[in-house]
Protein chains: 2
Amino acid sequence: MSKEDSKKALKELGAKIVHQVKKGNNPEIVFPLRNLSNIIYDKKSKTLKLGTKTGTRSFFNVAHSKKFLQTVEVASVIKDKLLDSGKHSSLRDVFYMVKRTIPGTKVNLVDEQVESDKAIEDLEVMTGLSREDMHVEANKNGSVAGKVVIEDRGDTIDWSKMGSGGWSIPSNVEELKFKKVEAKYVLYMEKAATWNRLNEDRYWQKHDAIILASQGQTTRGIRRLLQRLYEEYNLPIYVLADSDVYGAYIYSVIKYGSIALSHASDRLTIPSVKYVGVTMDDVEKYDLKKHLIKLDEKDYARIKQVSEYEWFKDNKDWQRQFKMMKELKGKVEIQALSSKDLSFISEVYLPNKIKNKEFLD
Amino acid sequence: MSKEDSKKALKELGAKIVHQVKKGNNPEIVFPLRNLSNIIYDKKSKTLKLGTKTGTRSFFNVAHSKKFLQTVEVASVIKDKLLDSGKHSSLRDVFYMVKRTIPGTKVNLVDEQVESDKAIEDLEVMTGLSREDMHVEANKNGSVAGKVVIEDRGDTIDWSKMGSGGWSIPSNVEELKFKKVEAKYVLYMEKAATWNRLNEDRYWQKHDAIILASQGQTTRGIRRLLQRLYEEYNLPIYVLADSDVYGAYIYSVIKYGSIALSHASDRLTIPSVKYVGVTMDDVEKYDLKKHLIKLDEKDYARIKQVSEYEWFKDNKDWQRQFKMMKELKGKVEIQALSSKDLSFISEVYLPNKIKNKEFLD
């Protein structure tokens with residue numbers, strides 16, 4: 001969505017409230033509820049979505065008035081300070097920009113960041129704008145390499161000429177333009193060390209792949225970048241993670257969405273994404289048994305929880321994986337493949353898996 | 001140090017052991033101790049250093065033999081698998097490459113990564129090689145922008161043409177070559193969101209600065225990059241962090257070194273680095289009192305601990321900061337400056353502080 005469209009959406013919200021005030025009505029805002037009771041796993045689109053339940057927040061209601069004010073103030077700060085100036089900011093910055101004492105009282109408009117965060121999420125569901133559309137950015141993390149040329153803020157950036165570092169993936173990838181995309185698929189991995197290995201082996205060059213990694217969680221910037229590469233270039237997306245319940249969860253967030261961001265599923269999920277490894281089947285196939293790391297209580301509890309999620313419940317492949325984890329009482333890291341040879345992952349493991357389409361869905 | 005020098009150092013270590021074996025002696029390796037009793041704060045160089053105490057590890061000693069084997073095996077893996085092939089790997093990869101069962105026994109050469117990590121540290125102090133010299137890489141994190149052109153792995157990379165993302169700082173910056181460095185100083189900040197702000201405001205362009213950030217801890221790659229920019233181009237290095245004890249510690253690690261890496265102080269510390277902010281004095285000066293975040297028990301305990309470190313003990317400026325934190329019972333984040341204006345930090349705060357040389361040492 002363009003900056004002008006975003007401004008328009010926020011202005012309309014404001015105009016509606018002004019209209020109510022002028023008519024002498026109690027000003028109110030209506031928004032879809034975002035609690036668990038209204039989060040639905042949509043089997044058809046295979047994503048987590050918001051249901052149809054709505055809530056109302058009205059000004060002349062002691063229980064609502066502060067949240068009403070917070071929402072309106074955040075909308076105003078976003079329009080005036082971010083969209084009008086063309087600047088971007090973090091959630092934390094928005095919090096500080098909104099934080100002030102209401103004149104004539106000792107009450108702060110917001111005391112904790114969670115309040116302005118919630119207001120931003122409410123604005124997302126009310127207006128259909130994404131956080132990125134409103135110029136509010138998430139954490140930045142991760143690197144990318146591949147035969148891709150982009151244009152971003154007036155610079156032409158060639159992802160195949162980034163040396164050992166790669167291009168640092170920004171928080172917001174909405175405005176970057178793809179100029180050239182020469183790739184057969186995109187490989188996202190959860191570990192920067194694995195990315196280093198593949199980059200040093202020039203995997204992206206030999207296999208016409210785009211390689212991306214974060215360290216730890218998949219940022220919104222990375223999820224949107226993956227989605228744009230899938231939607232605009234129809235590239236298959238493959239995920240490479242540890243063979244444990246945390247790897248499964250990382251994969252599921254990219255594929256189905258997350259509870260916290262269920263209202264943004266359309267913009268963030270990629271239902272066609274495939275899981276390339278590491279799997280519990282690899283333990284036997286590649287003789288990794290001695291590299292199994294023993295599961296602890298926390299692992300077992302998390303396996304139980306994740307395997308019962310609606311989006312995993314009927315997935316036979318993944319249920320088999322969870323079962324094998326419990327039977328073998330262990331998990332396997334990507335790096336365990338280095339025990340065979342440092343470049344085994346880039347020369348044997350990944351090319352074979354991808355050639356033979358050995359994926360989990 | 002060149003790859004050939006690194007190989008030579010490891011080969012010499014091996015040759016010494018072979019010589020002892022041939023002479024019929026008990027093979028042994030001697031190395032400086034790395035426990036706290038041998039870590040010294042050198043007031044002259046203002047860095048943490050290793051003392052002169054040494055330990056010995058001999059093969060025919062039940063308490064030593066496993067560690068002896070681990071050290072020799074890690075040295076061999078580094079020479080054969082990394083230096084000979086020119087490849088780089090993470091600590092975790094080295095662990096998996098070394099992990100095997102000793103033939104004829106049920107004993108694993110290593111069971112936990114900490115064992116191979118320690119062996120690598122021992123090799124560092126024994127040979128004078130750095131981990132980077134041995135091609136073992138730390139975590140990768142962080143972005144950089146500025147009027148700098150480098151050459152890395154055959155690519156020419158212009159840090160002024162990296163759009164909104166920046167160049168992703170690699171784990172190992174030993175081999176990159178500076179081609180053009182047009183900068184008056186280097187600004188390192190602990191938060192990626194602040195970097196986003198300064199990059200969007202093109203701070204690096206307007207002020208001839210190089211801006212670097214990680215998210216959280218300062219990686220070895222960043223510390224070495226800062227040090228190279230200081231040593232090779234004589235650029236002042238300024239640190240921007242939250243006004244709390246954690247910000248003070250981040251600064252102190254860059255300036256004085258850390259206990260864990262005291263043996264690498266020469267390669268990693270920059271005694272001339274200055275702290276530009278945020279400080280407790282800013283609270284009054286910039287009217288940030290209402291943005292103070294209340295200290296908790298953990299903060300107080302950490303202030304006590306850090307303020308008693310030898311390298312902070314006699315530092316009046318920092319003792320004053322710690323005192324003010326306790327008096328005001330609070331800490332202030334960099335982002336609190338956004339309450340004035342989103343670009344206050346890049347248009348007013350930093351230019352003024354740097355122009356007036358308002359630094360903490």
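The values are calculated or read from the model by the stated rules, or taken from the named source; none is laboratory data. This is a predicted model, so every value here is computed, not measured. With ideal geometry, Cβ positions are generated from the backbone for all residues, glycine too; neighbour counts draw on all protein chains shown.
Structure summary
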read-out	value
Meets criteria (more than 30 Å from A:Gly51 (Cα to Cα), more than 9 Å from chain B (Cβ to nearest Cβ) and more than 18 Å from the chain's Cα centre (by Cα)) for A:Ile102	yes
Odd one out for B:Ser37, checked against (1) within 24 Å of the chain's Cα centre (by Cα); (2) away from every other protein chain (no Cβ under 14 Å); (3) within 17 Å of B:Met126 (Cβ to Cβ)	(3)
Qualifying residues in the range B:30-68 (those that are among the β-branched types (Val, Ile, Thr) and touching a Ser or Thr at 6+ places or on another chain (Cβ under 6 Å)) - the one nearest to B:Asp111 (Cα to Cα)	B:Val30
Filter pass, B:Pro27 being of a type outside the set (Ser, Thr, Tyr), surrounded by fewer than 16 Cβ atoms within 10 Å (Cβ to Cβ) and either more than 23 Å from the chain's Cα centre (by Cα) or more than 21 Å from B:Val125 (Cβ to Cβ) (or both)	no
Number of the exception - A:Tyr233 against (1) modelled with pLDDT of 95 or more; (2) surrounded by 20 or more Cβ atoms within 10 Å (Cβ to Cβ)	(2)
Among residues of the range B:152-168, those that are within 7 Å of chain A (Cβ to nearest Cβ), in contact (Cβ under 8 Å) with a residue 24 or more places away in the chain and farther than 10 Å from B:Asn199 by Cα, counted	3
Condition broken by B:Lys53, with the remaining ones in (1) in contact with a helix residue (DSSP H, G or I) (Cβ under 7 Å, 6 or more places away or on another chain); (2) surrounded by fewer than 16 Cβ atoms within 10 Å (Cβ to Cβ); (3) over 19 Å from B:Ala119 (Cα atoms) satisfied	(3)
Residues (outside any helix (DSSP H, G or I), free of Cβ contacts under 8 Å to residues at least 40 places away in the same chain and within 11 Å of chain B (Cβ to nearest Cβ)) located in the range A:341-360	A:Asp341
Unique residue being farther than 18 Å from B:Ala241 by Cα and either basic (Lys, Arg) or within 24 Å of the chain's Cα centre (by Cα) (or both) when the list is B:Lys289, B:Lys298	B:Lys298
Unique residue being within 13 Å of chain A (Cβ to nearest Cβ), more than 22 Å from the chain's Cα centre (by Cα) and under 22 Å from B:Thr219 (Cα atoms) when the list is B:Val149, B:Val107	B:Val149
Filtered residue count, the range A:1-37, keeping only those that are under 30 Å from A:Lys177 (Cβ atoms) and charged (D, E, K, R)	7
Of the criteria (1) more than 29 Å from B:Glu175 (Cα to Cα); (2) more than 14 Å from chain B (Cβ to nearest Cβ); (3) among the β-branched types (Val, Ile, Thr); (4) buried (at least 24 other Cβ atoms within 10 Å of the Cβ), which one A:Thr127 fails	(4)
Residue match in the range A:142-158 (condition: of a type in the set (A, V, I, L, M) and modelled with pLDDT under 95)	no
Qualifying residue in the range B:169-177 (condition: over 16 Å from the mean Cα position of the chain (by Cα) and modelled with pLDDT of 95 or more)	yes
Conditions (1) more than 8 Å from chain B (Cβ to nearest Cβ); (2) assigned to a helix (DSSP H, G or I); number of the one not met by A:Arg92	(1)
Qualifying position, being away from chain A (no Cβ under 14 Å) and within 21 Å of the chain's Cα centre (by Cα), among B:Glu132, B:Glu121	B:Glu121
Breaking point among (1) more than 13 Å from A:Leu240 (Cα to Cα); (2) surrounded by fewer than 17 Cβ atoms within 10 Å (Cβ to Cβ); (3) over 26 Å from the mean Cα position of the chain (by Cα), for A:Asp314	(3)
Subset of the range A:171-203 that is among the hydrophobic types (A, V, I, L, M, F, W, C) and within 13 Å of another protein chain (Cβ to nearest Cβ) - its residue that is nearest to A:Ala241 (Cα to Cα)	A:Met189
Identity of the residue in the range A:319-341, of a type outside the set (Gly, Ala, Ser) and closer than 19 Å to A:Tyr188 by Cα, that ends up farthest from the chain's Cα centre (by Cα)	A:Leu337
Filtered residue count, the range A:63-89, keeping only those that are of a type in the set (D, E, K, R) and within 12 Å of chain B (Cβ to nearest Cβ)	4
Boolean, B:Leu91 is surrounded by 18 or more Cβ atoms within 10 Å (Cβ to Cβ), within 17 Å of the chain's Cα centre (by Cα) and at pLDDT 90 or above	yes
Count of residues meeting criterion [assigned to a loop (DSSP other than H, G, I, E, B), closer than 21 Å to A:Gln335 by Cβ and more than 7 Å from chain A (Cβ to nearest Cβ)] in the range B:135-145	2
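For every residue, the table says whether it meets (1) small (Gly, Ala, Ser); (2) closer than 22 Å to B:Ser258 by Cβ.
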site: B:Trp167; (1), (2): no, no
site: B:Glu174; (1), (2): no, yes
site: B:Phe178; (1), (2): no, no
site: B:Leu187; (1), (2): no, yes
site: B:Ala193; (1), (2): yes, no
site: B:Tyr203; (1), (2): no, no
site: B:Lys206; (1), (2): no, no
site: B:Tyr230; (1), (2): no, yes
